[in-house]
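For reference, the structure is listed below as structure tokens.
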2 protein chains.
Amino acid sequence: MDDHLYLSRRQSIMLLEFDGSRTRELLVMANPTVTGVPAVPAALERARETSLPVLRRAIATLHPDLAAVAGYHCGLTDQHGRPVTAGGGGKMLRPALVLLSARTTETPARTSPSEAVVAGAGAVQLVHEFSLLHDDIMDRDRTRRGRATAWTVYGTDTALLAGDVVMALAISMLGDHPPAAAALAEAVVCLCAGQAEDLALGTRSAVTVADWERMATGKTGALIAASCRVGALLGGGDDGIATALSDIGEHLGLAFQAVDDWLGIWGNSAATGKPVGADIAARKRSLPITATLSTPGAASQTLAAILDTPGNLTVGDIAEAIAALDHANAGEFTRHHAQRHTTHIRTALGALDLPPEVRRDWDDLVTFLTTRTT
Amino acid sequence: MDDHLYLSRRQSIMLLEFDGSRTRELLVMANPTVTGVPAVPAALERARETSLPVLRRAIATLHPDLAAVAGYHCGLTDQHGRPVTAGGGGKMLRPALVLLSARTTETPARTSPSEAVVAGAGAVQLVHEFSLLHDDIMDRDRTRRGRATAWTVYGTDTALLAGDVVMALAISMLGDHPPAAAALAEAVVCLCAGQAEDLALGTRSAVTVADWERMATGKTGALIAASCRVGALLGGGDDGIATALSDIGEHLGLAFQAVDDWLGIWGNSAATGKPVGADIAARKRSLPITATLSTPGAASQTLAAILDTPGNLTVGDIAEAIAALDHANAGEFTRHHAQRHTTHIRTALGALDLPPEVRRDWDDLVTFLTTRTT
């Protein structure tokens, strides 16, 4: 049966079925040889508690049709507008960085974040949600965070418009904090440039790691860097600390994206919410794929040939592509690339004079983001 | 030959052909009984001269793929990226209102606009261009200002992304002028609400003039009002004058939209750049259509029946719809509606203490916008 396939990956073992157009998981189980999935750090938990009410309040001010899409997309409501009680939505990494960067700069230390910092946390998350709403339309992705994407539920037009309004809302939430608002608007410009780079790389085989880095700097680095800058500014930090934290954020964004790209091929599909081999099926120029394609040799040729195959890729194609990536040590390369950025971050954090509990939160966050499995 | 039709409208006489899915103009000639097309006022000419270089410079800072789309869409370049020398692009109404509102508030009067005001003029035009880029995608419009729409040339994804980046760029251009930037971001939120209202009205027959007014206040009024506010603030005006001018802008937006809706049915297609009967073919809930549908009677029933016809409307359907609108005096109603807003504007301008040359520019602009034929 050439349309069924067993895959044994780092985190999981799965049986796949291919129905002619997409793969379906028949069975996914945790790989019993793997233990020690890192716990979600406190900074992300706190960010979720702080941000969800802000998102809820901000979205409630929108036109009801757009509020419905935004609320659904952000995981606050289901598609009938009913509140989702279990914590839906994203990881809240960007709000966590706003809160943590604010705590890094605030003197004296506050016991709870200021109203401005809370607004900043909500605003960066909304910009992230805007980009996901539009990316899902552009990439024709049908699932996101384990749910149907907004455009598949509400139609492309309304999802597009909801993305627009969510972005403008985010910037206007920082109206009383001009430098933070300006940083956010500039991040959106970079984010769009990164997405343009992504579209331009498209299905080209002649790609380099530098292309990937430029794309990821815009697509992921810019908003994560801006989250740190916004938090630092709203916490009362000067330009010096805002720039230092923004630099940390940019490297964190690149490490995060490298890990994301690793998970997009070797991750546990049940945990990440992405179909197995999705990045290969989508012929995405992710870091392992880019690194393999840009290194002359048999693996590069095999991978390029598979990715150039017209029509949908079969489960066999995807398995062969993963074998080529494994042969080229692309997983290790990708992990190492993330590690290089992580080392830069650790050094930069080491140079800052931080209260012990703030340092611990930074360390935990960096560790989690670079060792995460979802 | 029931697929050919002569239409004699106010500004033109035309022979139409219907190919089964869309109307094509075989012949359009000026209606010789009409004379005296109003001249373009100086304020719009100046706004074009001032704004085009700002747009060019701002767009040049974008990712090249997005700059190409934005430049094409704004009428600065053709689809091969070659500069368009003859004045392409829009009417530059919004930049004109920034410049004029700044002149209304500046003391002492300046001989040329400040750098901030020039940036404001460019920024409001870019927000307008963002909304057109996205509206054209949502409405599947294939022509705009007599050219192929950006999404038909560059694809939906790139056009969508270009819209995003142009909006963020516009707001970040006003980074040094926080209240103006905030006004612009808030206008985008309202603009999206108006577009959501437009999508919601969709093809409903149960619509009222109040529905139209709410939609137009968001879709057209908000950005025109914001243009006046941005100009007033950048000219150094206080909140009082900024709010007075913003109110004038909102009414101007509604008068402008009413005239636009009139032109969408009775305008000279060769001059407006819109296909004849486009607003009917698109079943758009424009003011004459909304007014007719909401007034019980034979015209309303005929129009509703035509607009409810499944599939593409024929030239015969469109002609019959125009006859129903004419029967309901919808053209006169629409003109009168515009006139009511114009009267409000004239009264509000009358209450302001304006230098004679500034008053003349306001008067000329209002006259042109409410008597325009394109």
Each residue of the stretch B:127-138 in turn: what ³J(HN,Hα) in whole Hz from Karplus with 6.51, -1.76, 1.60 and θ = phi - 60°, glycine and Pro shown as x?
5, 4, 5, 4, 5, 5, 4, 6, 4, 4, 5, 5
Applying the Karplus parametrisation 6.51 cos²θ - 1.76 cosθ + 1.60 with θ = phi - 60° to the phi angles of the stretch A:170-181, what ³J(HN,Hα) value in whole Hz is obtained for each residue in order, glycine and proline being reported as x?
4, 5, 6, 5, 9, x, 7, 10, x, x, 5, 4
Solvent-accessible area, 1.4 Å probe, carbon plus sulfur percent, for the stretch A:220-374
53
If you average the C-alpha positions of the stretch B:172-230 and of the stretch B:240-305 separately, how far apart do those two centres end up, in angstrom?
16
Using a Gaussian network model on chain B with a 10 Å cutoff between Cα atoms, which of B:Val188, B:Val358, B:Val118 fluctuates the most?
B:Val358
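Give the accessible surface of the stretch B:4-371 per residue, rounded to a whole number of Å², with probe radius 1.4 Å and ligands, DNA and RNA excluded. All intermediate terms of the calculation are to be shown ahead of the outcome.
Details: 14390 Å² over 368 residues.
Result: 39 Å² per residue.
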Cα-based Rg (one decimal) and Dmax (whole number) for the stretch A:127-209, in Å?
14.7, 47
Could you work out the helix-only [θ] at 222 nm for chain A, with each DSSP H run of four or more residues adding -39,500 (n - 2.57) and the total divided by the number of residues, to the nearest 500 deg cm²/dmol?
-20500 deg cm²/dmol
Looking at the stretch B:4-371, I'd like the Rg to Rh ratio, where Rg is from alpha-carbon atoms and Rh is Kirkwood's inverse mean 1/r.
0.96
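To the nearest 0.05, how large is the calculated FRET efficiency for B:Leu352 and A:Asp353 if R₀ is 45 Å and r is the Cβ-Cβ distance?
Details: r = 56 Å, r/R0 = 1.25.
Computed FRET efficiency for B:Leu352 and A:Asp353 comes out at 0.20.
Whole-Å semi-axes of the stretch A:260-360's equivalent ellipsoid, largest first, each the root of 5 times a Cα gyration tensor eigenvalue?
Values: eigenvalues 223, 52, 17 Å².
Value: 33, 16, 9 Å, ordered largest first.
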Please give the total accessible area that chains B and A bury against each other, computed with a 1.4 Å probe and expressed in Å² to the nearest 100.
2700
Contact order normalised by length for the stretch A:185-283, with contacts defined as Cα pairs under 8 Å and 6 or more residues apart; what percent is it?
23
Working from Cα positions, state the angle (0 to 90°, nearest 10) between the long axis of helix B:222-234 and the longest principal axis of chain B.
10
Could you run the Karplus curve 6.51 cos²θ - 1.76 cosθ + 1.60 with θ = phi - 60° over the stretch B:152-168 and give me ³J(HN,Hα) per residue in whole Hz, x for Gly and Pro?
6, 8, 10, x, 5, 4, 5, 5, 4, 5, 4, x, 4, 6, 5, 5, 5
Counting sequence-distant residues (5 or more places) and residues on other chains, those with an amide H built under 5 Å from that of A:Thr77 are A:Tyr72, A:Val84
In the stretch A:43-183, carbon and sulfur make up what percent of the accessible area (probe 1.4 Å)?
51
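Quick one, what does Rg over Rh come out to for the stretch A:43-183 if you take C-alpha atoms and the Kirkwood Rh?
Details: Rg = 14.9 Å, Rh = 15.2 Å.
Result for the stretch A:43-183 is an Rg/Rh of 0.98.
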Say R0 is 35 Å: what FRET efficiency, to the nearest 0.05, do B:Thr295 and A:Gln79 get from their beta-carbon distance?
0.40
Any chance you could check the stretch B:128-157 for residues losing 20 Å² or more of accessible area when the partner protein chains are in, compared with the chain on its own (1.4 Å probe)?
B:His134, B:Met138, B:Arg140, B:Asp157
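Could you work out the relative contact order of chain B, using alpha carbon pairs under 8 angstrom and six or more residues apart, expressed as a whole percent? Present the calculation step by step, with values, prior to reporting the outcome.
On the way: 600 pairs, mean separation 73.0, N = 374.
RCO, chain B: 20 percent.
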Considering the Cα positions of the protein assembly as shown, please state its Rg to one decimal place and its Dmax as a whole number of Å.
27.8, 88
Close lysine pairs (the protein assembly as shown; alpha-carbon distance under 20 Å; 8 or more apart or on separate chains) counted at 10
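The values are calculated or read from the model by the stated rules, or taken from the named source; none is laboratory data. Every value quoted in this text rests on a predicted model; they were computed, and no experiment measured them. Heads up, the Cβs are rebuilt from the backbone with ideal geometry, glycines too, and the neighbour counts pull from every protein chain shown. Calculation scope for accessible area: heavy atoms of the full protein, side chains included, ligands and nucleic acids excluded. Shrake-Rupley method; radii C 1.70, N 1.55, O 1.52, S 1.80 Å.
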